[in-house]
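Just below is one structure, and these are the notes that go with it.
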Amino acid sequence: MSRAALLLLADGRFPAGGHAHSGGVEAAVAHGSVHDTGSLEAFCRGRLHTTALTAAGLAAAAAGGHDPLLLDAAADARTPAPALRAVARRLGRQMMRAARATFPSAALDELAAARPQGAHQPLVLGLAARAAGLAPVDAAYATAYENISGPATAAVRLLSLDPLSAAGLLARLGPETDDIAQVAADAADRATIEGPDALPSASSPLLDITGEQHAAWTVRLFAS
């Protein structure tokens, strides 16, 4: 079941609302910084080593049994942009519905009751991974991959890119994605002794700025 569960959690078709979000690439396209496959690959690589690493660490910690409420506070501290905090909680609320239906667990029920407005999405994914019998590094893999596959798919729609080229760049980023997942899982393991401060806190100020700008747009294709 574990292998199938990992594929399910990493699948963009998992009904958790991710398809409606671009991970910042819509704003990047509008500003001209993403305009072809090469610039998209650079964008995804930057996201992988910053926001994806941070999210993967939170997911791994949740899958490893850390207190989800403490992790939720740690996620808030690592998400300085109000618009992106709101997005993370909205996605968490949507993932919670899918996760509780797919991988029922007391931990998910307790978090849903404690955070009815929605917990940060990586925590929910981590708890779902744990309920499915996955290891913390698996939760980190799914989170890291989701953080680059979502923008890559969105860019195909925004720029009419060749889907094969987008798939190719994700394959090229595969070894780095593996490394990021392992770094995140190792940090989650250290957090058992050192606390949440041991988790990654890599930031991407430009994504924070453009995330706030994007939230103010009256016309947009993606929710974020």
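For region 70-91, the count of residues that are in contact (Cβ under 8 Å) with a residue 40 or more places away in the chain and touching a Phe, Trp or Tyr at 6+ places or on another chain (Cβ under 9 Å) is zero. Pairing each residue of region 101-112 that is within 17 Å of D72 (Cα to Cα) with any residue that is of a type in the set (K, R) and part of a helix (DSSP H, G or I), provided the two are 6+ apart or on different chains, yields C-beta distances under 8 Å for A107/R130; L108/R100; D109/R100; A112/R100. Considering region 1-55, and only residues there that are assigned to a helix (DSSP H, G or I) and charged (D, E, K, R), the residue that is nearest to L164 (Cα to Cα) turns out to be E41. In the set (1) within 27 Å of A73 (Cα to Cα); (2) in a helix (DSSP H, G or I); (3) of a type outside the set (K, R), S201 fails one condition alone, (2). Restricting attention to region 117-131, the residues that are more than 11 Å from the chain's Cα centre (by Cα) and within 17 Å of A188 (Cα to Cα) total 4. Put simply, of V29, V25, V34 the only residue that is of a type in the set (V, I, T) and closer than 13 Å to S149 by Cβ is V25.
Of the residues making up region 9-31, those that are under 18 Å from the mean Cα position of the chain (by Cα) and surrounded by fewer than 17 Cβ atoms within 10 Å (Cβ to Cβ) are D11, G12, R13, P15, H19, A20.
Where a number appears in this text, it was derived from the coordinates with a stated rule and is not lab data. Since we're looking at a predicted model, the values are computed, not measured. Here Cβ is always computed from backbone atoms with ideal geometry, including for glycine, and neighbour counts include all displayed protein chains.
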